[in-house]
Amino acid sequence: MANSTQDAIAGTTADALYQTERYGSYSYKVPVTAGTFTVDLHMAEIYSTTAGARSFNVSVEGQVVLPNVDLYTQAGHDGAFDYTVENVRVTDGVLNITLESLVDNATLAGFALYSADGKLDTSVPEPTCSGYVAITYDDGPSGNTGAFVNALKSASLVPVTFFVNGANIGNNSAGIRQMLEVGEVQSHAFNHVDMGSYSAAQVTDQLSRNNQAIQNAGAPKPTIFRPPYGTLNNTIRQAASSLGLYSITWDVDSQDWNGASVSAIVAANGRLQNGQVILMHENQPNSLTAIPQIAANLKSRGLCPGKISPSTGRAVAP
Ligand code: ZN
């Protein structure tokens with residue numbers, strides 16, 4: 001149960017913290033990593049006006065740290081009372097704070113955790129995914145690679161798939177290594193050419209040179225190929241297949257290459273359904289700006305970024 005007061009609180013400048021309370025017998029179970037914590041407990045008697053009207057026990061990690069505490073006796077009516085518990089060792093992933101009512105209700109206005117070696121465990125609970133979509137960026141690496149990687153990390157929009165051109169790698173393998181921090185590097189042919197009229201040998205030359213450039217830059221041998229301009233025919237498919245590359249295009253074209261606005265790119269991602277793949281480009285600033293909104297939109301729809309299956313070309317769990 002919760003209660004609050006408008007009264008000023010003595011003994012603190014943080015009146016608002018002490019003006020609300022949660023009362024009764026109850027526990028907090030705070031998910032944390034293993035570590036040693038300091039727990040600051042913040043309390044105030046904002047209800048009773050006499051000694052003996054309320055008393056309770058406070059336990060941290062099963063140990064009673066404040067037995068039979070009477071806040072009125074400690075700090076009077078509307079007075080801040082703080083208690084610090086040091087060296088709280090947590091090994092089970094949960095820091096427990098338990099209030100046990102003795103006379104009237106136990107009460108706590110707030111608490112704070114500090115630790116040199118532990119922290120709140122934000123990995124719990126695991127997010128649940130009702131489906132997976134493939135976020136892809138073509139035509140890198142470029143001068144934008146670092147910015148994309150940082151934005152993807154901070155929005156937790158990972159993993160993604162980069163389809164790269166070996167001609168863009170040059171002597172700069174740093175871009176490929178950055179890409180690997182947030183996903184996979186796959187093939188977009190060595191040069192950004194339309195291979196619609198290419199012979200099998202010409203296609204094979206483009207794809208094998210690109211595989212080599214990607215591997216030389218430190219990435220695994222590609223398993224998926226997206227042709228420049230989406231140009232696919234049987235010659236291209238077969239040449240790719242003989243090099244171990246599954247050919248795909250996309251389900252949704254963000255049109256970022258065609259001047260689409262940030263909101264249009266976000267909306268295009270909003271049309272993705274489970275298993276689908278979207279086309280974006282690493283040299284398009286609007287696609288960079290769109291990253292946080294894309295992440296929020298997918299999350300609101302219960303969809304998670306996935307990887308592309310090299311056997312089906314569909315987005316699957318990473
Ligand atoms: Zn391209």
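Here are the numbers for the structure shown:
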read-out: Condition met for Val133 (crowded, with 24+ Cβ neighbours inside 10 Å and within 16 Å of the ligand (Cβ to nearest atom)); value: no
read-out: Given (1) within 16 Å of the ligand (Cβ to nearest atom); (2) assigned to a loop (DSSP other than H, G, I, E, B), index of the condition Gly218 fails; value: (1)
read-out: Some residue of the range 245-260 being open to solvent by 50 Å² or more (accessible area, probe 1.4 Å), in the same structural domain as Ala167 (by TED's automatic domain parsing) and assigned to a helix (DSSP H, G or I); value: yes
read-out: Sole exception among (1) open to solvent by 10 Å² or more (accessible area, probe 1.4 Å); (2) within 16 Å of the ligand (Cβ to nearest atom); (3) modelled with pLDDT of 95 or more for Pro159, by number; value: (2)
read-out: Selection within the range 265-288 - closer than 20 Å to Gly175 by Cα and not in a loop (DSSP other than H, G, I, E, B); value: Leu279, Met280, His281, Pro285, Asn286, Ser287, Leu288
read-out: Pair list, Cβ < 7 Å and 6+ apart or interchain, from the range 223-244 residues that are more than 13 Å from Phe163 (Cβ to Cβ) and touching a residue at least 12 places away in the same chain (Cβ under 8 Å) to residues that are within 15 Å of the ligand (Cβ to nearest atom) and of a type outside the set (S, T, N, Q); value: Thr231/Asp194; Thr231/Met195; Thr231/Gly196; Asn233/Gly196; Ile236/Met195; Ile236/Pro227; Ala239/Leu207; Leu243/Leu207
read-out: Given (1) crowded, with 22+ Cβ neighbours inside 10 Å; (2) within 16 Å of the ligand (Cβ to nearest atom), index of the condition Ala167 fails; value: (1)
read-out: Test result for Ile248, aliphatic (A, V, I, L, M), closer than 18 Å to Asn168 by Cβ and touching a residue at least 40 places away in the same chain (Cβ under 8 Å); value: no
read-out: Given (1) over 28 Å from the mean Cα position of the chain (by Cα); (2) crowded, with 16+ Cβ neighbours inside 10 Å; (3) within 16 Å of the ligand (Cβ to nearest atom); (4) not charged (D, E, K, R), index of the condition His188 fails; value: (1)
read-out: Single condition Ala8 does not satisfy, out of (1) free of Cβ contacts under 8 Å to residues at least 24 places away in the same chain; (2) in a loop (DSSP other than H, G, I, E, B); (3) over 19 Å from Asp104 (Cβ atoms); value: (1)
read-out: Qualifying positions in the range 274-318 - open to solvent by 10 Å² or more (accessible area, probe 1.4 Å) and in contact with a Lys or Arg (Cβ under 6 Å, 6 or more places away or on another chain); value: Pro318
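The values are calculated or read from the model by the stated rules, or taken from the named source; none is laboratory data. Everything numeric in this text was worked out from a predicted model, so none of it was measured. With ideal geometry, Cβ positions are generated from the backbone for all residues, glycine too; neighbour counts draw on all protein chains shown. SASA here: full protein model, heavy atoms, side chains in, ligands and nucleic acids out. Shrake-Rupley method; radii C 1.70, N 1.55, O 1.52, S 1.80 Å.
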